[in-house]
Amino acid sequence: MGMLILGLVIFLGVHSVRIVADGWRTQFIAQRGALAWKGLYSLLSIAGFALLVWGYGLARQQPVMLWVPPLGMRHAASLLTLVSFVLLAATYVPRNSIKARLHHPMVLAVKVWALGHLLANGSLADVLLFGSFLLWAVFSFKAARARDRAAGINYPAGSLAGTGITVVVGVAAWLGFALWAHGVLIGVRPFG
């Protein structure tokens, strides 16, 4: 469990700098340059991610069950994960109404993904992993919206075509992940 916690601290810690120390980040970039920040950020993110994946894998070998979720929660998780993939697609597809309205769909995607997985899993490792990501996403979204307001950022309106492409890309990615990649990468087949 220690590796999972260490990985979460490093990964979510580096991703929380804009939440808790945005001024320090700005000063670091001003003194050392954007490339130095991106390099440090990437290195710590990769190390943290590797540790949390390894730690979660170790914790799954001897799970400490806190509760057994009802079977219906798996269906809820699948639906929420579908929504999460559409939100994730909205981050990258240009001129879509989802990003125009929500402003930070990637953080919302993490929030919905984490909530779905919390509903469907009841081990201590699951609560640590998905609960940490959910908590981080709540604070990250709030901080990002506050930065937008302070900077007076206006998001361009989306188009029907951009929104349609976003939904199609999100659903296609979700299908590929749910029907194939989740089993290969995570070892759990959501529909198998």
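Read-outs: derived from the displayed coordinates by stated rules, not from any lab. Bear in mind the structure is a predicted one, so any value in this text is a computation, not a measurement. So basically every Cβ, Gly included, is an ideal-geometry build from the backbone, and we count neighbours across all protein chains shown.
General remarks:
- Dipole magnitude (debye, nearest 20) for the stretch 1-154, charges at Cβ of Lys, Arg, Asp, Glu: 500 debye
- Residues whose placed amide H lies under 5 Å from that of Ser123, excluding near-sequence neighbours: Leu66
- Here Val168 and Leu124 are evaluated by their C-beta separation; at R0 = 41 Å the FRET efficiency comes out at 0.60.
- Shown here: the stretch 8-99, whose C-alpha atoms stretch 53, 40, 20 Å along the first, second and third principal axes, sorted largest to smallest.
- Taking chymotrypsin sites (Phe, Trp or Tyr not before Pro) in DSSP loop states with no more than 11 other Cβ atoms inside 10 Å as exposed sites, the chain has its longest site-free stretch at 68-190.
- The amide H of Asn96, built 1.01 Å from its N in the peptide plane, has Ser159 as neighbours under 5 Å, considering only residues 5 or more places off or on other chains.
- The trypsin sites (Lys or Arg not before Pro) found in the stretch 1-75 include none that occupy coil by DSSP while having at most 14 further C-beta atoms within 10 Å.
- The Rg/Rh ratio of the stretch 1-62, with Rg taken over Cα atoms and Rh as the Kirkwood radius over Cα pairs, comes to 1.12.
- When you filter the trypsin sites (Lys or Arg not before Pro) in the stretch 87-192 for DSSP loop state and at most 16 other Cβ atoms inside 10 Å of their Cβ, you are left with Arg95.
- Two numbers describe the Cα atoms of the stretch 64-192: Rg and Dmax, which are 16.0, 48 Å.
- Across the stretch 1-62, Cα pairs under 8 Å and at least six residues apart give a relative contact order of 65 percent.
- Here the Karplus relation 6.51 cos²θ - 1.76 cosθ + 1.60, evaluated at θ = phi - 60°, turns the backbone of the stretch 20-26 into coupling constants of 10, 8, 5, x, 4, 4, 4 Hz, with x for every Gly and Pro.
- The charge dipole of the stretch 64-192, taken about the Cα centre with unit charges on the Cβ atoms of Lys, Arg (+1) and Asp, Glu (-1), comes to about 340 debye, rounded to the nearest 20.
- Residue among Ala157, Ala178, Ala59 with the largest mean-square fluctuation in a Gaussian network model of the chain, springs linking Cα atoms under 10 Å: Ala157
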